[in-house]
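Report on one structure; see the data block that follows.
The values are calculated or read from the model by the stated rules, or taken from the named source; none is laboratory data. Quantities reported herein were computed from a predicted structural model and do not represent experimental measurements. Positions of Cβ are generated from backbone atoms using ideal geometry, with glycine treated the same way; all protein chains shown enter the neighbour counts. All accessible areas refer to the heavy atoms of the entire protein, side chains included, with ligands and DNA or RNA removed. Shrake-Rupley method; radii C 1.70, N 1.55, O 1.52, S 1.80 Å.
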Amino acid sequence: MPKKKKLTYTSLLDSRDIHRGYEQALETVQGEFGQHHPMFIGGRRVAAIEDFETRSPIDNDIVIGTFQKGGETEAQSAVVEAKQSFISWSQIDWAERLRITRAVADRLEKEDALLAALMTYEVGKNRSEALAEVCEAVEMLRYNCAIYEEQKGFTLPMSQVTGERSTSTMRPYGVWAIISPFNFPLVLAAGMISAALLTGNTVVFKPTSKAPLTGLKLYAAWVQAGVPGGALNMITGPGKPFGAVAAAHPDVAGIAFTGSRDAGMWLQRNFSVRQPYPKPFVAEMGSKNPAIVTASADLDKAVEGVLKGAFGYSGQKCSATSRVYVEAAVASDFIERLRVKTEQVIVGDPRKSDVFVGPLIDQAALTKFADAVKDGLADGGAVITGGKVLRDGVWNQGCYVRPTIMTGLPRGHRLFNEELFVPFLLIDTITSLEEGLRESNDTEYGLTAGIFSENEGEVARFFASVQFGVCYANRRGGATTGAWPGVQPFGGWKASGVTGKGVGGPYYLLSYVREQTQTRA
Ligand code: SIN
């Protein structure tokens, strides 16, 4: 089989074959729409009492499918199954878990166009974002495997004293509840599930209710690769009952969560008070990401990087650039150039090859956008471009808005602090790098940050002072977005994350295991 071209979030989609394959896949996946889908507990197909329908955010007339509204009863049965499978799954040779995980990666790679097309329908990603996400998921699985193999399943001989032989071995905890978000429905689920399963834990997986079909495809890839039914279970449905079981069930050994700060904090609080002892909690929880543009910046790079960072996937990334601090000397030039480029962005149906900004995920996001514009204007902000909900033609079929830039808001305004997850960028003027750093760090969040500066001293000062986990300098491909497994471990500080070990990085798997020392006298 010819080698597939690797795509990242900064690649150009310059191959006709890739476009053709994706366009065919858009047709093919539609053939699957409208079906009823079960959940999977212990490898068995399970139906709940109620179900729910999902529709495409691109066009609300497209019904993706009907899924089970799993509740506490189903979540509890899944925990029981996962617990029963724990001993056998954790005790098989680690090389077998590696083989299975690699087979999942191969399968996703084989189905890349279909999975990308499905994500376009389910969550409204444009083709380059969707194709890159499948590639990222494949890389994530392979990277986690490479680390696990390099560490020989995390078993290490220790120093010997007085004839004793000791070994350190990192062992799994047991059953993990894994909850994934809508914005990266494949890669974020794949990252958490692979970390848990590879290291010998078993899993109850609940994907976002916005993209359950992508979740089911991922589940199917694991099953086809040979994971036993009880080692990976899948519940669909609302987050609350699942979260309640995850937090309180005595047989849940750990939770891995990616999503909003509110939901993450709720889970963490409940997990810590409702369990009899502290258990591991792995979470990534959003951010309010700054980019600093200094007077020495190459403004071409800055404009392109901020445009992609702020408006890629309609600003619905935890890594999205949502605040820019630009030095006064270049502020008007930068803002004008960014305005012009932003107005050239095509907003519309993301199935079309020239569309950069697709729909928002739902009506709640649209309301958030409209409220931000209204509140910003009421509090002294000026809209440089955008500020509009789009309503005619294709825009009537979903929640479409114009990418928006606002200036002039007072510091400390809620819009400088709250994560919005919509294409809404605030720009503020600064008189020095120090001021930009102070403002950037003046947030409870700490996921991604960027700088544009051609002065190496400024870049070094930025890296040394900025309180964020994933930091970039002069990145055209995304001022604060586009981390890649094995290249940019992705983990937040402060309210953005819990473990301090980024997904897609060398230490991530360690959050899913605990050390046991074995000494033979
Ligand atoms: C995300 O997880 O929201 C985005 C990852 C990235 O853009 O680096």
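Using 1/(1 + (r/R0)^6) with R0 = 45 angstrom and r between the beta carbons of residue 298 and residue 516, what's the FRET efficiency to the nearest 0.05?
Working: r = 52 Å, r/R0 = 1.15.
Efficiency, from the Cβ-Cβ distance: 0.30.
Sort 499-505, 335-341 for me by packing, meaning the mean count of neighbouring Cβ atoms within 10 Å per residue, highest on top.
Values: 499-505: 19.7, 335-341: 17.0.
Ranked from most to least packed, the peptides come out as 499-505, 335-341.
Note down the relative contact order for the range 232-390 as a percent, whole number, built from C-alpha pairs under 8 angstrom at least six residues apart.
Value for the range 232-390: 15 percent.
Using the Cα centre as the reference, give the magnitude of the dipole from point charges on the C-beta atoms of the chain (Lys, Arg: +1; Asp, Glu: -1; all else neutral), rounded to the nearest 20 debye.
Numbers: 55 positive and 56 negative charges, 225 e Å.
Magnitude of the dipole: close to 1080 debye.
So, how do all the Cα-to-Cα distances of the range 115-224 break down into 10 Å bins, in percent, from 0 on up?
Going out from 0 Å in 10 Å bins, the range 115-224 shows 14, 38, 26, 13, 6, 3, 0 percent.
Put 463, 356, 205 in order of accessible area, largest first, 1.4 Å probe: what do you get?
Most to least solvent-accessible, the answer reads 463, 356, 205.
Express the relative contact order of the chain as a whole percentage, based on alpha carbon pairs under 8 Å and six or more residues apart in sequence.
For the chain, the relative contact order is 17 percent.
Using only the Cα atoms, work out Rg/Rh for the chain, with Rh taken as the Kirkwood radius, to two decimals.
So for the chain, dividing Rg by the Kirkwood Rh gives 0.98.
What translational diffusion coefficient, in µm²/s and rounded to a whole number, does the Stokes-Einstein relation yield for the range 1-126 at 20 °C and a viscosity of 1.002 mPa s, taking the hydrodynamic radius as the Kirkwood radius over Cα pairs? Walk me through the intermediate numbers first.
Details: Rh = 17.7 Å.
Result for D is 121 µm²/s.
Report the label-to-label distance for residue 460 and residue 53 in nanometres (one decimal), using points 7 Å from each Cα along the Cα→Cβ vector.
6.2 nm
Hey, which aspartates and glutamates would be in cross-link range of residue 83, C-alpha to C-alpha under 17 Å, not counting anything within fewer than 8 residues on its own chain?
Within reach: 72, 74, 251.
Taking only protein heavy atoms and a 1.4 Å probe, what accessible area per residue, in Å², does the range 414-487 have with all protein chains in place?
Ligands and nucleic acids excluded, the result is 34 Å² per residue.
What do you get for the angle between helix 187-198 and the principal long axis of the chain? Use alpha-carbon atoms, 0 to 90 degrees, nearest ten.
Tilt relative to the chain: about 20 degrees.
Report in % the part of the accessible area of the chain that belongs to carbon and sulfur, leaving out ligands and nucleic acids; probe 1.4 Å.
50 percent
Would you work out the relative contact order for the range 136-181, in percent, from Cα pairs under 8 angstrom that are 6 or more residues apart?
24 percent.
Set the Förster distance to 22 Å, then compute FRET efficiency between residue 32 and residue 225 from the Cβ-Cβ distance, nearest 0.05. Don't skip to the end; give the middle numbers.
Numbers: r = 21 Å, r/R0 = 0.94.
Efficiency computed from Cβ-Cβ geometry: 0.60.
Given the pairs 4/69; 4/152; 341/388, which are separated by over 27 angstrom at their Cα positions? Can you show the working numbers first?
Numbers: 4/69 37 Å; 4/152 29 Å; 341/388 17 Å.
Table pairs above 27 Å Cα-Cα are 4/69; 4/152.
Could you tell me the calculated FRET efficiency between residue 411 and residue 146, based on Cβ-Cβ distance and R0 = 35 angstrom, to the nearest 0.05?
Once the sixth-power term is evaluated, E becomes 0.20.
Determine the calculated [θ] at 222 nm for the chain from helices alone, applying -39500 (n - 2.57) to every DSSP H run no shorter than 4 residues and normalising by the residue count; nearest 500 deg cm²/dmol.
About -13000 deg cm²/dmol.
State the extension gain, in nm to one decimal, for the chain segment bounded by residue 110 and residue 44, taking 0.36 nm per residue of separation less the distance between their alpha-carbons.
21.2 nm is the gain from fully extending residue 110 to residue 44.
Just the accessible area per residue of the range 6-157, please: how many Å² with a 1.4 Å probe?
Accessible surface, normalised per residue, equals 46 Å².
Lys/Arg Cβ at +1, Asp/Glu Cβ at -1, dipole of the chain taken about the Cα centre: which of 519, 503, 295 is farthest positive-ward?
519
Note down the nm distance, to one decimal, between modelled labels 7 Å out along Cα→Cβ at residue 494 and at residue 265.
Output for this residue pair reads 1.3 nm.
Assuming 0.36 nm per residue, please report the length gained on full extension of the stretch residue 209 to residue 394 beyond their Cα-Cα distance.
Answer, rounded to one decimal: 64.2 nm.
Taking a cut-off of 19 Å between Cα atoms, list the lysines near residue 494, but don't count ones fewer than 8 places away on the same chain.
288, 317
Which length gain, in nm to one decimal place, applies between residue 367 and residue 73 when the Cα-Cα distance is subtracted from 0.36 nm times their residue separation?
Extra length from residue 367 to residue 73 when fully extended: 102.5 nm.
Against the longest principal axis of the chain, how steep is helix 212-225, in degrees 0 to 90 to the nearest 10, with axes from Cα atoms?
Relative to the chain, helix 212-225 is tipped by roughly 40 degrees.
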